[in-house]
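Nothing in this text is a laboratory measurement; each read-out follows from the coordinates by a stated rule. If you're wondering where the values come from, they're calculated on a predicted model, not measured in any experiment. Please note: Cβ atoms are built from the backbone with ideal geometry, for glycine as well, and neighbour counts cover all protein chains shown.
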Amino acid sequence: MPKPLTRNSATTGRFDKRDLIYEPKHDRYRCRAGEHATWRFSSNEKGMVIHEYWSSACTKCPIRSACTTDHYRRINRWEHEDVVERMQRRIDGMPQAGRLCRQTVEHTFGTLKSSMGATHFLTRTLPRVRTEMSLQVLAYNLKRVMQILGVQPLIAAMRA
């Protein structure tokens, strides 16, 4: 899964968060102007710990207009963002990953969707929908095993 980009700074010509360099040793960001945005506080948003960084040098920065429209460039960082960044580096190093995912996963979901009627679940409420989906996946897996092994070996394996 690629890292989500939630800001539109790049579309307006300003620096994006990707243009800032995180220095984990010092727990700070370095901006394009060479200044450091240090940790200021942490907050809890929807069960996630978010750290907020900014630099006091932003008000005197000659390239501030290319970075932010506010007085300070505030940078948010999830406490586990290093995991997301490692995953993004893996995806960048393996561009064929999306194709491989489509080959292995999309066929299964397409088959399930067509066997379910392609539009909706027949039940309501999450526990019932979860049960309906589990039954569909079980049926799909049994059909696959029958195609791969055959019916008689499957029956023999179930009796053992």
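At a Cα cut-off below 22 Å, give the lysines reachable from LYS60, other chains included and same-chain residues fewer than 8 away excluded.
LYS17
Just to confirm my numbers, what's the Cα centroid distance between segment 46-71 and segment 84-153 in Å?
Rounded to whole Å, the Cα centres lie 42 Å apart.
Can you tell me the 0 to 90 degree angle between the C-alpha axis of helix 126-149 and the longest principal axis of the chain, rounded to 10?
The answer is roughly 60 degrees.
Can you give the angle from 0 to 90° between the axis of helix 107-116 and the longest principal axis of the chain, with both taken from C-alpha atoms, to the nearest 10?
The helix 107-116 is inclined about 60 degrees to the chain.
Which of the trypsin sites (Lys or Arg not before Pro) found in segment 43-144 are loop residues per DSSP with 15 or fewer other Cβ atoms within 10 Å of their Cβ?
LYS46, ARG74, ARG124
Taking 10 °C and 1.306 mPa s as the conditions, I'd like the Stokes-Einstein D for the chain in µm²/s, using the Kirkwood hydrodynamic radius from alpha carbon pairs.
This corresponds to a translational diffusion coefficient of 77 µm²/s.
With charges set only on the Cβ (+1 for Lys and Arg, -1 for Asp and Glu), what does the dipole of the chain come to about its Cα centre, in debye to the nearest 20?
220 debye
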